[in-house]
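Student: Before anything else, here's the structure in question.
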Amino acid sequence: MTTTALSDKIDRPEIRNLLLRISHDAIDVVIYSVVEDNSLIYHRLELDTTSSSRLSAIQNVIYDHPAILSDFRRVYCVLETRDYAIVPVLCRNPGQQKMLFDAAFPGNRLEMTADETGLNNATVLCGIEPDLRGFINRTFQRVSTVSHIAALCRYAGMNATHGNKRKMIANVRRNSLDVVVTDGHRLLLANTFTYERPDDAVYYLLSTRQRLGLDPRNDEIILAGDHDSREALTQTLRNFVARVMPVIFPPQMFKAGKDAMLAPFELITLPLCE
């Protein structure tokens, strides 16, 4: 991980993008120049999970690292959340979307947003705490906020092939994985699973493939995310699926700096999907 401190002054923030991924226990931070190579820095900042509130923990971490508060060219914020629902893209009416979201999460006190997936048949309805939304909007200029699952869907949409070619992308972390399955530019499934052992993750992937009728000889699995976690799955998956491949890391972001490979995959690819 980079040794550049986030307490250091950020030179010329107007030519740099800030990428944030906010999860329940950490904030991943990426800063890079859009005109200079090898400029990227990456830090993972742990949140105090014993804090009186999640928002207080997030505020404390950000205010403790003033470089994050610079006036950046663009800010991209990925929110990890389980409060999301996939709905048909034809459901564009905000009132209908809110009704569907409330049916999925009865009694919620969340602010709902509709995230584009980059695929032609589905939208993600995502819930965010109103006070967290307010803090993000007050703190950052030119900020775009998206759920982690919609960010991965956008990558899948950007790399979708024409015709009926089904593809599974699994973004693997140490204890959870996001799974997106596409058929050309159509979304077949997007879901997040938690697991304790690699065999559990393999089960979720194979069960999902069987339920959707994916062909073990032709329909590929592309593995992204944490290197050690996906390596733990690869060999077992290859006993059942012929085409199990690591994701091709975007050359644009590798050019920005080798630390890009340490950052969460859906975070580092988000600016490329616009």
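The values are calculated or read from the model by the stated rules, or taken from the named source; none is laboratory data. Computed from a predicted structure; not experimentally measured. Positions of Cβ are generated from backbone atoms using ideal geometry, with glycine treated the same way; all protein chains shown enter the neighbour counts. These accessible areas exclude ligands, DNA and RNA; they are computed on the full protein's heavy atoms, side chains included. Shrake-Rupley method; radii C 1.70, N 1.55, O 1.52, S 1.80 Å.
Student: Cβ-Cβ distance below 9 Å, separation of 6 or more or different chains: which pairs start in the range 32-43 with a residue that is under 12 Å from ASN17 (Cβ atoms) and without any contact (Cβ under 8 Å) to a residue 40 or more places away in the chain and end on one that is surrounded by 19 or more Cβ atoms within 10 Å (Cβ to Cβ) and of a type in the set (S, T, N, Q)?
Tutor: Final answer for the pair search is VAL34/ASN17.
Student: Considering only the range 216-234, state which residues are in a loop (DSSP other than H, G, I, E, B) and either in contact with a Pro (Cβ under 9 Å, 6 or more places away or on another chain) or at pLDDT 95 or above (or both).
Tutor: ASP226
Student: Any chance you could count how many residues in the range 70-95 are of a type outside the set (D, E, K, R) and open to solvent by 70 Å² or more (accessible area, probe 1.4 Å)?
Tutor: So the answer is 4.
Student: While we're looking at this one, here's another question. From the set of residues in the range 72-125 that are among the small types (Gly, Ala, Ser) and closer than 19 Å to THR145 by Cα, which is modelled with the lowest pLDDT?
Tutor: Checked the range 72-125; the qualifying residue modelled with the lowest pLDDT is GLY118.
Student: Among (1) without any contact (Cβ under 8 Å) to a residue 24 or more places away in the chain; (2) touching a Lys or Arg at 6+ places or on another chain (Cβ under 8 Å), where does ALA103 come up short?
Tutor: Evaluating ALA103 over (1) without any contact (Cβ under 8 Å) to a residue 24 or more places away in the chain; (2) touching a Lys or Arg at 6+ places or on another chain (Cβ under 8 Å) leaves (2) as the failure.
Student: Tell me which residues, restricted to the range 56-68, are open to solvent by 30 Å² or more (accessible area, probe 1.4 Å) and within 22 Å of the chain's Cα centre (by Cα).
Tutor: GLN59
Student: Of the residues in the range 178-206, how many are over 24 Å from GLY157 (Cβ atoms) and either in a loop (DSSP other than H, G, I, E, B) or free of Cβ contacts under 8 Å to residues at least 12 places away in the same chain (or both)?
Tutor: Residues meeting the conditions: 5.
Student: Tally up the residues in the range 134-177 that are outside any strand (DSSP E or B), open to solvent by less than 10 Å² (accessible area, probe 1.4 Å) and touching an Asp or Glu at 6+ places or on another chain (Cβ under 7 Å), please.
Tutor: Counting residues in the range 134-177 that are outside any strand (DSSP E or B), open to solvent by less than 10 Å² (accessible area, probe 1.4 Å) and touching an Asp or Glu at 6+ places or on another chain (Cβ under 7 Å) gives 5.
Student: Still on this model: Please enumerate the residues belonging to the range 32-60 that are part of a loop (DSSP other than H, G, I, E, B), touching a helix residue (DSSP H, G or I) at 6+ places or on another chain (Cβ under 9 Å) and among the small types (Gly, Ala, Ser).
Tutor: SER39, SER51, SER53
Student: Next question, about the same structure. Taking into account only those residues within the range 96-128 that are closer than 16 Å to LEU270 by Cβ and among the hydroxyl-bearing types (Ser, Thr, Tyr), which is surrounded by the fewest Cβ atoms within 10 Å (Cβ to Cβ)?
Tutor: It comes out as THR113.
Student: Could you identify the single residue in GLU231, GLU220, GLU196 that is open to solvent by less than 50 Å² (accessible area, probe 1.4 Å) and either farther than 29 Å from ASN17 by Cα or in contact with a strand residue (DSSP E or B) (Cβ under 8 Å, 6 or more places away or on another chain) (or both)?
Tutor: Every option except GLU220 fails the conditions.
Student: What are the pairs, 6+ residues apart or on separate chains, where a residue within the range 219-241 that is on the phi > 0 side of the Ramachandran plot has its Cβ under 6 Å from a residue that is open to solvent by less than 20 Å² (accessible area, probe 1.4 Å)?
Tutor: Close Cβ pairs (under 6 Å, with a partner that is open to solvent by less than 20 Å² (accessible area, probe 1.4 Å)) amount to GLY225/ASN171; GLY225/VAL172; GLY225/PHE265.
Student: To continue, here is another question. Go through the range 44-55 and count every residue that is touching a Ser or Thr at 6+ places or on another chain (Cβ under 9 Å) and open to solvent by less than 30 Å² (accessible area, probe 1.4 Å).
Tutor: Total meeting the criteria: 1.
Student: Output yes when any residue across the range 235-252 is assigned to a helix (DSSP H, G or I), open to solvent by less than 70 Å² (accessible area, probe 1.4 Å) and of a type in the set (D, E, K, R), and no when none is.
Tutor: No, the conditions are met nowhere in the range 235-252.
Student: What about ILE268, is it open to solvent by 70 Å² or more (accessible area, probe 1.4 Å), not charged (D, E, K, R) and not in a strand (DSSP E or B)?
Tutor: The answer is no for ILE268.
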